[in-house]
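Take a look at the structure below.
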Amino acid sequence: MTTAHGNGAGAAAGGAAPTTSVAQEILDGIGGADNVVSLTHCATRLRFELGDGGVVDKQKLEAIPKVMGAVPQAGNRYQVIIGGDVADVYNDIKSLPAMKNRTAKSNDDVKAEQRAKAQGRFPWLDTFFEYLSDSFRPILGVLLGASLIIAFTAVLDAFNIVDFRADVKSPGWQFVDAMWRSVFYFLPVAVAYNAGKKLRIDPWVPAAIMLALFTPEFIGLADHPDVRVIDNAVLGTQTNMIDIFGLPLVLNDYGGNVFVPLIMAAIAALVYKGLQKIIPSSVHMVFVPFLTLLIMIPVTALIIGPFGYLLGAWIGSGLAWLNGNAPFLFAILIPMLYPFLVPLGLHWPLNALMLVNINTLGYDFIQGPMGAWNFACFGATAAVLAISLRDRDPIMRQTSGSALAAGLLGGISEPSLYGIHLRYKKIYPRMLVGCFAGGLTIAILGTPFGGVKTNAFVFTSIPTVFVFDPMWVYLIAITVAFLTSFFIIFLTDYRTPEEKEEALERARLAREGKEEELIDATLAPSTSPETADSAPEPVAAPAAAGAAAAGVATAAPATAAPAAAADSADTAGAEAVIVDVAAPVAGEVVAQEAIKDPAFAAGALGQAVGVIPSDGTIVAPVAGKVISVAKTGHAYGIKTDDGVEILVHIGIDTVQMDGNGFTPRVEKKQRVEVGQPLADVDFAAVGAAGFDPTVITSVVNSKKMARIDDIAPGHVTPGQSLLRVTK
């Protein structure tokens, strides 16, 4: 799939354009490779830990079509929202030469800067949530895979094809149980490994500590003749205990427990790093892991394990009490909280509790109400899809269509949130009504049954509805949530009148193939009236940014084929018209492929040429009518009497200067002649602001031209020919 950020050669060859340029843009936006202390990713987001969060260019990041949003965190952490193909972008960034050869700041320097420049009021809280998130993030894929296997077995069980609740199953179906149970049973080991990696110690050390509690020798202690049975007051059950070297050891089943590895890894990291300070570095490999294991395995088995097990049981029992005694409050509270927790990545504690509930109680009661939030979210996305189909808006149709598929089939809400919902202010209040309606339905219908429960951790999607009990209550609740959000948004629209007008105009131009007129359209469907008034970068207009964000191909016009023009009815047999496009400023010429703006370099706005200016006056390259003037004064569109449309774009990303340093000399609809001043520019101010001053001249409607020749020499003066257009 080609995007506006692919190189021209790749597009011409018909292959998929690489995302390496996107990776480089993101890296530049967060301050370069040397500013990256660590980089991870979750299902939809790149997670940066930076040396200096103050140098991040948020506007530059969010101007990248593939980026759905950029979210600063406390302690110089930054999240860049990508979507479903985040892993590809992550790999591209990691493979950049600058990342391989970077000289990052020392950890001590970074920690000192983080303490001095923490952006949140409670940096420790952000650190805690980041620790939780990064401990689960790498295993999201296998968790989703296991949940779909559970969904498959639940469907067979629901239709009485196979009894998966039988005490004795056939060997084949018992093996199917092993396929999904492997993920959840050994989940503590995976969490311990990821937590160790997050804490920058050898991750196999905490993994090995947890594995000790899964060995046949440890589990077999329950059958030892010296074992005794004690009462567990929290769970109301009985637990085995045995003395180890005179110390009491509680024999819990730690399969699926996540609190124990999270607590253990944090303490193990302190021990590990403490040993590194007192043991000579030459023998670190031998003695640091050895002594950490020697200390932490007994500490975990005797203290951390029982404490973590009981902590999860206490919290789970407390929530179970709330669910049983105040079901209305609980069932409504969960779906109303999640819309605010997920965008900030703060939902992991609840996700961890779901796993703890299943491990200690044998079932979970959070996922049912959470499903109401998810399907309210998907209902809002479905409404956007329906409206985009009605309005024939190809950009939002593809954006909402792909997000809806990820949600309904995979239970993943981030593509909907970051691709649509957080970009349009009208959606969230309406979606919350759906969350409330779904939660209220569970509260009313589920109260006689003690709420909606499940004995498996799954992603709430259509394939997993069969794991919930009572299934009919859950099905009605998510349907109510989905339809409530859908109809409220479909009937009231998700856009302001200004956004709707711009989207309809953009869709009309796209349908009619009038790409030359897209220069007058607004930036993208996410542009609010406030943003539109600031005249956003026309380069990334719907032809480039919108299409790329939606995942559709944006072909590089380059030079239109003569045959295409010959086939056109309105030009057949007509005498060729030649228009010379002059230099708008004196300076050194930059070839199209060397322009540092990817949209221009790829030809997304037509064949172009750049000039590094040596003068501050920008003049008209052709005679014609001024059809657009950016309010920031950095871009001008001119249409000749012969229908050739020219864009003069002053600098790269200079829209962010908000007009400072730009003095327009013309107005829209004004007639200009070649060499007539368009604007005065303070290029010293452009350079001081850190922007590229290259002045780009583009033939926007290149596709309709028979031929375009680049005739620019190495250095030009105003009025000297750059491009020769044959129509």
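The values are calculated or read from the model by the stated rules, or taken from the named source; none is laboratory data. Note that this is a predicted model, so its numbers are computed, not measured. Every residue, glycine among them, receives a Cβ derived from its backbone with ideal geometry; neighbour counts consider all protein chains shown. Ligands, DNA and RNA are excluded from the accessible area calculation, which covers all protein heavy atoms including side chains. Shrake-Rupley method; radii C 1.70, N 1.55, O 1.52, S 1.80 Å.
Please compute, for the alpha-carbon atoms of region 395-489, the extent along each of the three principal axes and give them in descending order in Å.
For region 395-489, the Cα extents along the three principal axes come out at 44, 24, 16 Å.
In terms of solvent-accessible area of protein heavy atoms at a 1.4 angstrom probe, what is the ranking of His649, His224, His41, highest value first? Before the final figure, lay out the partial values.
Values: His649 0, His224 75, His41 40 Å².
Most to least solvent-accessible, the answer reads His224, His41, His649.
May I ask you to derive the relative contact order of region 353-408, considering only C-alpha pairs under 8 Å and at least 6 residues apart, and to give it as an integer percent?
Numbers: 30 pairs, mean separation 15.8, N = 56.
Once divided by the residue count of region 353-408, the mean separation gives 28 percent.
Let me test this: with uniform point scatterers at the alpha carbons of region 671-717, what is the Debye-based log₁₀ I(q)/I(0) at q = 0.24, 0.28, 0.32 1/Å?
For the requested q values the scattering log ratios are -1.12, -1.13, -1.15.
If you count only protein heavy atoms and use a 1.4 Å probe, how large is the accessible surface of Thr492, to the nearest 10 Å²?
60
Taking amide H positions as placed 1.01 Å from N in the peptide plane, with prolines and chain starts having none, which residues 5 or more places from Lys453, or on another chain, fall under 5 Å of its amide H?
When sequence neighbours closer than 5 places are left aside, the close amide H contacts are Asp469.
Please compute the Kirkwood hydrodynamic radius of region 147-261 from all pairs of different C-alpha atoms, in Å with one decimal. The partial results should precede the final answer.
Working: mean 1/r = 0.0594 Å⁻¹.
It is 16.8 Å.
Asp223 to Ile444: FRET efficiency via 1/(1 + (r/R0)^6), r the Cβ-Cβ distance, R0 51 Å, to the nearest 0.05?
Numbers: r = 48 Å, r/R0 = 0.93.
That pair, Asp223 with Ile444, gives E of 0.60.
Test of understanding: what is the full-extension gain from Met471 to Trp204, defined as 0.36 nm times their sequence separation minus their Cα-Cα distance?
Numbers: separation 267, 0.36 × 267 = 96.12 nm, distance 4.08 nm.
Taking 0.36 nm per residue and subtracting the Cα distance, the gain is 92.0 nm.
If the chain between Lys625 and Ile303 were fully stretched, how many nm would it gain, using 0.36 nm times the residue separation less the Cα-Cα distance? Intermediate results must be reported in sequence, preceding the final value.
On the way: separation 322, 0.36 × 322 = 115.92 nm, distance 7.98 nm.
Net length gain for the segment: 107.9 nm.
Please give the peptides 172-181, 27-36, 660-669, 372-381 ranked by average Cβ packing (other Cβ atoms within 10 Å per residue), highest first, as a rough proxy for protection.
On the way: 172-181: 13.7, 27-36: 19.4, 660-669: 15.9, 372-381: 31.5.
Top of the packing list down: 372-381, 27-36, 660-669, 172-181.
Can you tell me the Rg and Dmax of region 354-422, counting just the alpha carbons, in angstroms?
15.0, 51
Which links in Lys500/Lys625; Lys60/Lys596; Lys703/Lys727; Lys425/Lys500 stretch past 22 Å when you go from one Cα to the other?
Working: Lys500/Lys625 28 Å; Lys60/Lys596 13 Å; Lys703/Lys727 10 Å; Lys425/Lys500 13 Å.
Cα-Cα > 22 Å for Lys500/Lys625; rest within.
Which whole-number value in Å³ per residue fits the convex hull of the alpha carbons of region 253-309? Intermediate results must be reported in sequence, preceding the final value.
Details: hull volume 4.2 nm³, N = 57.
Hull volume over Cα atoms, normalised by residue count, gives 73 Å³.
Go through 269-278, 472-481 and give me the packing order, highest mean Cβ count within 10 Å leading.
Details: 269-278: 14.9, 472-481: 22.1.
Final packing ranking: 472-481, 269-278.
Can you compute the modelled spin-label distance between Ser182 and Leu350, with each label point 7 Å from Cα toward Cβ, in nm?
It works out to 3.2 nm between the two label points.
If amide hydrogens are placed 1.01 Å from N in the peptide plane, which non-local residues have theirs closer than 5 Å to the one on Ile708?
Amide H neighbours of Ile708, under 5 Å, 5+ apart: Ala560, Thr726.
Over region 589-727, how many percent of alpha carbon pairs lie in each 5 Å bin up to the one with the longest distance?
Values per bin, smallest distances first: 2, 11, 22, 25, 23, 14, 4, 1, 0.
From the P(r) of region 135-213, can you give the percent of Cα pairs sitting at distances over 22 Å? Before the final figure, lay out each step's value.
Working: 1190 of 3081 pairs.
Every Cα pair in region 135-213 considered, those over 22 Å come to 39 percent.
Which log10 I(q)/I(0) values does region 167-232 give at q = 0.13, 0.20, 0.27 Å⁻¹ under the Debye formula, counting every alpha carbon as one identical point scatterer?
-0.59, -0.92, -1.03
Looking at Ser614, Ala688, Ile578, which one has the Cα that reaches farthest to the positive end of the dipole of region 575-727 (charges on Cβ: Lys, Arg +1; Asp, Glu -1)?
Ile578
Enumerate the calculated ³J(HN,Hα) couplings along region 583-594 in order (Karplus 6.51 cos²θ - 1.76 cosθ + 1.60, θ = phi - 60°), each rounded to whole Hz, writing x wherever the residue is Gly or Pro.
These are the phi-based 3J(HN,Hα) values: 6, x, 6, 7, x, 8, 7, 10, 5, 3, 5, 9 Hz.
Going by accessible area, probe 1.4 Å, with all protein chains left in place, what is the ranking of Asp167, Asp391, largest first?
On the way: Asp167 155, Asp391 25 Å².
These residues rank, largest area first, as Asp167, Asp391.
How much length is gained on full extension from Ala166 to Lys100, taking 0.36 nm per residue of separation minus their Cα-Cα distance? The partial results should precede the final answer.
On the way: separation 66, 0.36 × 66 = 23.76 nm, distance 5.36 nm.
Computed gain between Ala166 and Lys100 is 18.4 nm.
Give me the percent of accessible area attributable to carbon and sulfur for region 583-718, probe 1.4 angstrom. Spell out each step's value before the answer.
Values: 2400 of 4950 Å².
Exposed carbon and sulfur together represent 48 percent of the surface.
Once phi is turned into θ = phi - 60°, what whole-Hz ³J(HN,Hα) does the Karplus curve with 6.51, -1.76 and 1.60 give for every residue of region 381-386, x standing for Gly and Pro?
Each residue of region 381-386 in turn: 5, 4, 5, 4, 4, 4 Hz.
Keeping all protein chains in place and using 1.4 angstrom, which order do Asp253, Asp580, Asp597 fall into by accessible surface area, from largest down?
Working: Asp253 90, Asp580 60, Asp597 15 Å².
Most to least solvent-accessible, the answer reads Asp253, Asp580, Asp597.
Check Val36: other-chain or 5+ apart residues with amide H under 5 Å from its amide H, H built from backbone geometry?
Those qualifying (amide H under 5 Å, at least 5 residues apart or on another chain) are Gly51.
Please compute the Cα-Cα pair-distance distribution of region 229-339 with 10 Å bins starting at 0, giving whole percents from short to long.
Calculated over all Cα pairs of region 229-339, the distribution is 12, 30, 27, 18, 10, 3, 0 percent.
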